[in-house]
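One structure is given below, encoded as structure tokens.
The values are calculated or read from the model by the stated rules, or taken from the named source; none is laboratory data. Quick caveat, the model's predicted, so the values are computed rather than measured. Here Cβ is always computed from backbone atoms with ideal geometry, including for glycine, and neighbour counts include all displayed protein chains.
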């Protein structure tokens, strides 16, 4: 008699964005004809750039002859892409990461969700609060989080690192030592970023306590300030303490193309001497069959001179939205954070409204969709996320409507 | 102090094909200039067909304008593809599967490896022996298989269903009842297939015992005989007892394109009333971000009239290889199975050689690479797998060399 994974039954509600989408559809059904502007989910709106389109066409074209045809890709990724990543994302920033420490995948969400699997089931995780829901949910599914307390909105076995205006959204070291520490910087959802000194503090802490940091740098391309590190490997000792997850979704607009990668340094090992590299390699080889050749050629094209120029233009486009939202909201008297090194604006809800109350107000009075901060964790309550991924005109119109609200 | 998933440390050796590739590379290095023919790994060699190439180009082209651009795909797949699958792979065979019971993914290997995750960690699995290594390894990683016995080559907590020439490669019902039963038909590696009556026996058994069948039908397109079911849902009661995994790799040559799907019927539930559909949906939504739009358009094109004609031609090409190998080996006096409803030929090694001895002999004396049967499980010992995925000329040359050996 088969049984199910009981840990799945502990999961809270549905995935946040599914819940939002449900509410929006309900509102649309009740109010036909309203033009809703979404600054909600972090999906891009700019099309793929010419260099990427050309690379995709070329790769497709090569698949029509027996000579050019590519079957199964190498499990860990094609060398041409892994080398380009090592050179452009690491060596360029002085990080000594080798191409075979890079594991190419179908995206950062899969990697973020799957990485916990190589750790012991009794490991204690720490997450920033608020946080990208996948870190928590994937650990709930693995039975690592204990029981959920409805009154606090917290899991008994998770160490929460509150990130609020009071601490400048940079969490202090915890009193109890976690085994696995998730850090996302530039941060989703707060739109803030750790500077070099703050991140070094965490790397040192991890090395001293034999903790491991899962560093999500999916928004690295949005960094504008000099003292914000682009990779955790810019910190001393990080190769002994951290795994880094990256994406092509937000820089090159690959949300629908699907390509990402994870760096597991060969030096990174548990206190009893087991190398995480070997475990992640085994997982990749057993439960994944390589990212598509076509996609890997497109990722490679992103690193060309023209490709880099194009993605900088796209990032600048979105960051102009971020500026518009930030400055617009400040003028309206909102308390606003983020949007300097990240495509997210994090605002304090006015009049002590809950995040969901503000969500409803924005949806009904301005027909604008954003994301309730409480959906990212208890310390996100009374905050709200807007994204800079919209079109300029939509963003301006959304601000106009919010101003009139 | 973090620790690793100890279950990973129980895994045996490296993934079978990595081991073979290591041995081949070693031989090549020692014997430069030898032309090696691989009838080993099950990768296709025919290029993508014109209809698929066109669909890929069109989908790529549509991504260069804001209007045509597609960001995140629906987690479970685009409706256009799910509907085409339901109509062509199920309704056409009289199987009452709805399009929203189909979960589109990046391939059957990922799904085969991940599906175990929705089941209780104390569930007992049964596998055919020999078997595709991913079923076993993914369960080892989850701690479901007990300890490995070097002398028997078996895991203490797995129920093995021997498939040998003695039982016509169709396993009998086990004496102890498993919770989860993996069946692959047409079978990898034996190249044999269950007929309707044999499969119905397993569906009835699963329904009577509240077991669940994970049915891997990746080789469905190779079926030539009338009484072999194309889907397990052709059997009475299968919607209450089985999950089916499918692939575009072997019919349409998508090994490097990456696209597959899994059917989880809404009716399928555990004895205590939990629907597997809900759990798999949650996993898909949490740890996966949808298959790429471009790939899904290509998959859709496979179901067009022209697309179907082209894949039938490709399958016929490979099956001509299967015929050549089968008939060639029989003439040489080998005991040969499979190759009628599957692209695999399963031969008994001559002179009671072990599978690896025959591998070495074939590599050294014929410069032909195949796959040792024992790599698929203890009952695969003294068997050997050759695949029909090569080019005609290579296949003929390989046979000529084996004949001279």
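When you scan segment A:66-87, do you find a residue that is within 23 Å of residue B:69 (Cβ to Cβ), within 14 Å of another protein chain (Cβ to nearest Cβ) and exposed (fewer than 15 other Cβ atoms within 10 Å of the Cβ), even just one? The answer is no, given that none of the residues of segment A:66-87 is within 23 Å of residue B:69 (Cβ to Cβ), within 14 Å of another protein chain (Cβ to nearest Cβ) and exposed (fewer than 15 other Cβ atoms within 10 Å of the Cβ).
Screening residue B:57 against (1) assigned to a loop (DSSP other than H, G, I, E, B); (2) not assigned by TED's automatic domain parsing to the domain that holds residue B:249 leaves a single unmet condition, (1).
What helices (runs of 4 or more DSSP H) completely inside segment B:71-147 contain at least 1 residues that are more than 30 Å from residue B:385 (Cβ to Cβ) and in contact with a helix residue (DSSP H, G or I) (Cβ under 9 Å, 6 or more places away or on another chain)? Break it down into steps so the answer makes sense when it comes.
Numbers: elements: B:79-85, B:108-114, B:133-141.
The qualifying helices (runs of 4 or more DSSP H) are B:79-85.
Taken together, A:25, A:88, A:5 contain a single residue that is more than 25 Å from the chain's Cα centre (by Cα) and modelled with pLDDT of 95 or more, which is A:5. Criterion first (assigned to a loop (DSSP other than H, G, I, E, B), farther than 24 Å from residue B:288 by Cβ, more than 18 Å from the chain's Cα centre (by Cα) and without any contact (Cβ under 8 Å) to a residue 12 or more places away in the chain) does residue A:226 satisfy it? When the stated conditions are applied, residue A:226 passes them. Within segment A:41-57, the set of residues being modelled with pLDDT under 90 and in contact with a helix residue (DSSP H, G or I) (Cβ under 6 Å, 6 or more places away or on another chain) comprises just one member, A:41.
In segment B:26-42 there is no residue matching the filter, namely being within 14 Å of chain A (Cβ to nearest Cβ), in contact (Cβ under 8 Å) with a residue 12 or more places away in the chain, within 24 Å of residue A:255 (Cβ to Cβ) and not in a loop (DSSP other than H, G, I, E, B). When the test is whether a residue is more than 22 Å from residue B:241 (Cβ to Cβ) and either at pLDDT 95 or above or crowded, with 19+ Cβ neighbours inside 10 Å (or both), residue B:185 does not pass it.
When segment B:239-287 is filtered for residues that are in a loop (DSSP other than H, G, I, E, B), more than 26 Å from residue B:204 (Cβ to Cβ) and without any contact (Cβ under 8 Å) to a residue 12 or more places away in the chain, only B:256 remains.
Of the residues B:246, B:236, the single one that is buried (at least 24 other Cβ atoms within 10 Å of the Cβ) and either away from chain A (no Cβ under 12 Å) or in contact with a helix residue (DSSP H, G or I) (Cβ under 7 Å, 6 or more places away or on another chain) (or both) is B:246.
Does residue B:375 fit the bill of being farther than 22 Å from residue B:315 by Cα, surrounded by 20 or more Cβ atoms within 10 Å (Cβ to Cβ) and at pLDDT below 95?
On the way: farther than 22 Å from residue B:315 by Cα: yes; surrounded by 20 or more Cβ atoms within 10 Å (Cβ to Cβ): yes; at pLDDT below 95: yes.
So residue B:375 fits the description; yes.
Of the residues making up segment B:328-340, those that are surrounded by 13 or more Cβ atoms within 10 Å (Cβ to Cβ) and part of a helix (DSSP H, G or I) are B:328, B:329. Would a scan of segment A:161-168 turn up a residue that is more than 13 Å from every other protein chain (Cβ to nearest Cβ), more than 21 Å from the chain's Cα centre (by Cα), free of Cβ contacts under 8 Å to residues at least 60 places away in the same chain and farther than 30 Å from residue A:301 by Cα? Yes - at least one qualifying residue is present in segment A:161-168.
Among residues of segment B:346-362 that are touching a residue at least 60 places away in the same chain (Cβ under 8 Å), those with a Cβ under 6 angstrom from a residue that is exposed (fewer than 15 other Cβ atoms within 10 Å of the Cβ), sequence gap 6+ or separate chain, pair up as B:348/B:335.
How many residues does segment B:263-308 contain that are at the interface with chain A (Cβ under 8 Å from one of its Cβ atoms) and farther than 19 Å from residue B:111 by Cα? Spell out the reasoning first.
Start the filter on segment B:263-308 by keeping residues that are at the interface with chain A (Cβ under 8 Å from one of its Cβ atoms), which leaves B:270-272, B:274, B:276, B:279, B:282-283, B:285-295.
Subsequent filtering for residues that are farther than 19 Å from residue B:111 by Cα retains B:270-272, B:274, B:294.
Counting residues in segment B:263-308 that are at the interface with chain A (Cβ under 8 Å from one of its Cβ atoms) and farther than 19 Å from residue B:111 by Cα gives 5.
Of the set (1) in contact with a helix residue (DSSP H, G or I) (Cβ under 8 Å, 6 or more places away or on another chain); (2) closer than 30 Å to residue B:209 by Cβ, all apply to residue B:307 but (2). For residue A:283, the conditions (1) within 22 Å of the chain's Cα centre (by Cα); (2) within 30 Å of residue B:255 (Cα to Cα); (3) buried (at least 24 other Cβ atoms within 10 Å of the Cβ) are fulfilled apart from (3). Which numbered condition in (1) surrounded by 23 or more Cβ atoms within 10 Å (Cβ to Cβ); (2) in contact with a strand residue (DSSP E or B) (Cβ under 7 Å, 6 or more places away or on another chain) is the only one that residue B:124 fails? Here residue B:124 clears every test but (1).
Just to be sure I understand the filter: pairs with C-beta atoms under 7 Å, separated by 6 or more residues or on different chains, first member in segment A:11-22 and on the phi > 0 side of the Ramachandran plot, second member surrounded by fewer than 16 Cβ atoms within 10 Å (Cβ to Cβ). Which pairs pass? Going by the 7 Å Cβ cut-off, the qualifying pairs are A:13/A:19.
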